[in-house]
Structure formats: C-alpha cells, structure tokens
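The values are calculated or read from the model by the stated rules, or taken from the named source; none is laboratory data. The structure presented is a predicted model; accordingly, all values stated were derived computationally and were not measured. FYI the Cβ positions are ideal-geometry reconstructions off the backbone, even for glycines, and counts take in every protein chain you see. Remember, those area values only see protein heavy atoms, side chains included, never the ligands or the DNA or RNA. Shrake-Rupley method; radii C 1.70, N 1.55, O 1.52, S 1.80 Å.
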Amino acid sequence: MGALTDTFTLSTGARIPEVGFGTWQIPDGDTAYNAVRTALETGYRHIDTAHGYGNEASVGRAIRDSGVPREEIFVTSKLPAAAKTHDEAVTRMEESLAHLDLGYIDLYLIHAPWPWGQHEKRFDEGNLAAWEVLQEGLGDGRLKAIGVSNFDVHDLENVLTKGDVAPAVNQIQYYIGFTEPVISGFCRDHDILVEAYSPLATGDILDNAAVQAIADAHQVSLAQVALRFCLQNGVLPLPKAVGPDHIRANAALDFQLSDEEMARLNELPDAAPGHYHNATQG
C-alpha cells in the first residue's frame, strides 16, 4: 500500500505510518465509525483523533471492531487545549483513554499551547503542568509517545528545556505555500517530527492552477499532489475524508514528484490565499 505502510521513525524509536487518517470535524456516531472502518479497510494504519473532536468513542469502537490487531494500528489523540493544570490534565487524559478503550494510546499530544481563543497569551507553566502528566502516562505505559500541536518555537523551547522528555511530534497547519519554515526548521533540528493537519487547507487549495498543472502531468488529483508534497518534505500528512472514494484516493500516493516539481511547489506563495489560518483547527 506504499505510503500507508511506509513509516517515519520517531525519536522514541517507534515507527509511525507516514500518512494518517484525520477525524477532525467528523461527527461522533455512525459517521465517524464508518469513516474509520473504511479507512482501516482501505489500508490506513494511523488514525488521528482528539478529546476535543468529541468522537474518540466512535473511533475506538471502529478500531476494536475492525479485526485488525491492535498493535498494527497507530492511534493519536490529544489533550484538550484548556487543560493547563496537573489535575485537569490527568482527568482529561484518563477520559481519552476510557473513550478510546484500546488499552493504550500510541501518541498523545497537547492540543495547543493556549486555551482556544487565547492565543495572544503565553501559558508556559500550564504547558509544563500538562507535559508532566503526559510524561507520567509515558512512564506507566498508557501512552507510548508524547508530543504537542500548534506549538511555536517559544513553546517548544519551554518544554525542551524544562521537561524530562522531548516532544516526539509537533502537529501544525501545513500545506503548499504555508509550511511554517521557522517552526518546521526548529523541529527538524531537534528531531521532532512535523505532522500536517489541514494539508489541503480544508479544501481551499483545490482550485490552485499551478498545483493542478503538476497533478495533470502525473494523472493524479490535486489533493494527491498536496499530500505527496508533504511526504517528500519529510512531513506526515493527516488528510480527512468521509466518503469512501475520497478516503481511497487520499491513500493512492505511489508516485514521485521530481526535484524540479518540488522546488516549484516549495517556492509557491500561499496556495490557498483565501484560507483562514486559524490554529484552533486540527
């Protein structure tokens, strides 16, 4: 299955399938359950959810019902962004573990360095309190790896210098023309894998003529080029889809962009200039 079975190696030594199936904005219940079941049947082995998505229970049930051995599926979830005290972080992490009911979580992230709507403030002490809880979960085996989401360089340095364990992952908004080079470069220098949520700019990228021309040359979709772009930049994309056709198409990434095509894509300005860059997503 190519990209679905290929892996990146985390700083922990764990191998993470290099394309994840994102479940942001997929409603709890049958919609989330069926989407995850279809993804697993298609060959995805990396499922990404979050406490804040409200669909952890359906995601967990779909995984348990899939017939795929638990150890073959990499599951990511996230601590709510507002959990900035030790006690609240413990409560929310335990809720995630209970909702999923999978025995352990392969990767658990702090969803954001600030509570939603308060991104103009710093929460250094709160992030360290939350990070301590994730480290405890790592220590007792309920979490297999830990990381962060939406963290800038300041927030990453706070955890790196004062925590006992370095983040394995930073999940950020990332797509053609919006690659957060300062954050991405810092992560590369510190062996932190970058994961791309909204790699299609929640669909806003799909009308870009320059990217479409490259897609036409390969006889693939623009979405497939956008996901391949992430992979060839060493970034793990998390495409989200509900319909079976889109789920399958996003997995068909067994083609290669040339060095010249990658250079053109990396030089593009924001490929979705009308997209609202809101880090409360993903």
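Is it the case that ALA217 is open to solvent by 60 Å² or more (accessible area, probe 1.4 Å), out of contact with any helix residue (DSSP H, G or I) (no Cβ under 6 Å at 6 or more places or on another chain) and at pLDDT 95 or above?
Working: open to solvent by 60 Å² or more (accessible area, probe 1.4 Å): yes; out of contact with any helix residue (DSSP H, G or I) (no Cβ under 6 Å at 6 or more places or on another chain): yes; at pLDDT 95 or above: yes.
The answer is yes for ALA217.
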Original post:
Do you know which of the residues in region 253-272 that are in contact (Cβ under 8 Å) with a residue 60 or more places away in the chain and part of a loop (DSSP other than H, G, I, E, B) is most open to solvent (accessible area, probe 1.4 Å)?
Top reply: ASP254
Original post:
What is the one condition in (1) touching a Lys or Arg at 6+ places or on another chain (Cβ under 9 Å); (2) open to solvent by less than 70 Å² (accessible area, probe 1.4 Å); (3) not in a loop (DSSP other than H, G, I, E, B) that GLU195 does not satisfy?
Top reply: (1)
Subject >> Count - residues of region 159-197 that are on the phi > 0 side of the Ramachandran plot and touching a His at 6+ places or on another chain (Cβ under 8 Å) >> reply: 0
Subject >> For SER77: the one exception among (1) closer than 30 Å to LEU253 by Cβ; (2) part of a helix (DSSP H, G or I) >> reply: (2)
Original post:
Would you say ALA223 is in a helix (DSSP H, G or I), within 30 Å of VAL75 (Cβ to Cβ), open to solvent by 10 Å² or more (accessible area, probe 1.4 Å) and among the small types (Gly, Ala, Ser)?
Top reply: yes
Original post:
Pick from region 191-207 the residues that are out of contact with any helix residue (DSSP H, G or I) (no Cβ under 6 Å at 6 or more places or on another chain) and at pLDDT 95 or above: which of them is farthest from THR31 (Cα to Cα)?
Top reply: ASP191
Subject >> Residues located in region 68-119, provided they are farther than 21 Å from GLU132 by Cα, open to solvent by 10 Å² or more (accessible area, probe 1.4 Å) and touching a Lys or Arg at 6+ places or on another chain (Cβ under 9 Å) >> reply: VAL68, ARG70, GLU72, PHE74, ASP101, LEU102
Subject >> Hits in region 236-246 (condition: in contact (Cβ under 8 Å) with a residue 60 or more places away in the chain and either buried (at least 24 other Cβ atoms within 10 Å of the Cβ) or not in a loop (DSSP other than H, G, I, E, B) (or both)) >> reply: LEU236, PRO237, LEU238, PRO239, LYS240, PRO244
Subject >> Count of region 127-157 residues which are open to solvent by less than 10 Å² (accessible area, probe 1.4 Å) and farther than 24 Å from TYR104 by Cβ >> reply: 2
Original post:
Only one of (1) over 20 Å from VAL169 (Cα atoms); (2) touching a helix residue (DSSP H, G or I) at 6+ places or on another chain (Cβ under 7 Å) is not met by ALA129, so which one is it?
Top reply: (1)
Original post:
Mind checking which pairs have a first residue in region 8-24 that is more than 17 Å from VAL36 (Cα to Cα) and a second that is open to solvent by less than 20 Å² (accessible area, probe 1.4 Å) and in a loop (DSSP other than H, G, I, E, B), Cβ under 7 Å, 6 or more apart or different chains?
Top reply: LEU10/ALA145; LEU10/ALA168; SER11/ALA168; THR12/ALA145; THR12/ALA168; ALA14/ALA145; ILE16/LEU10
Original post:
Which residue pairs have Cβ atoms closer than 6 Å, lie 6 or more positions apart in sequence or on different chains, and pair a first residue in region 91-105 that is within 14 Å of PHE74 (Cα to Cα) with a second residue that is acidic (Asp, Glu) and open to solvent by less than 30 Å² (accessible area, probe 1.4 Å)?
Top reply: LEU100/GLU56
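Which of the helices (runs of 4 or more DSSP H) found entirely inside region 88-190 contain at least 2 residues meeting this: under 17 Å from the mean Cα position of the chain (by Cα)? Give the steps one after another, and end with the answer.
Working: elements: 124-139, 153-162, 181-189.
The helices (runs of 4 or more DSSP H) meeting that bar are 181-189.
Can you name the residue in region 205-220 that is in contact with a Phe, Trp or Tyr (Cβ under 8 Å, 6 or more places away or on another chain) and either among the polar types (S, T, N, Q) or part of a helix (DSSP H, G or I) (or both) and, of all such residues, is nearest to TYR276 (Cα to Cα)?
As a first pass, look at region 205-220 and keep what is in contact with a Phe, Trp or Tyr (Cβ under 8 Å, 6 or more places away or on another chain): 205, 218, 220.
If we keep only those that are either among the polar types (S, T, N, Q) or part of a helix (DSSP H, G or I) (or both) as well, we get 205, 218.
Numbers: ILE205: 12, HIS218: 29 Å.
For region 205-220, the residue satisfying everything is ILE205.
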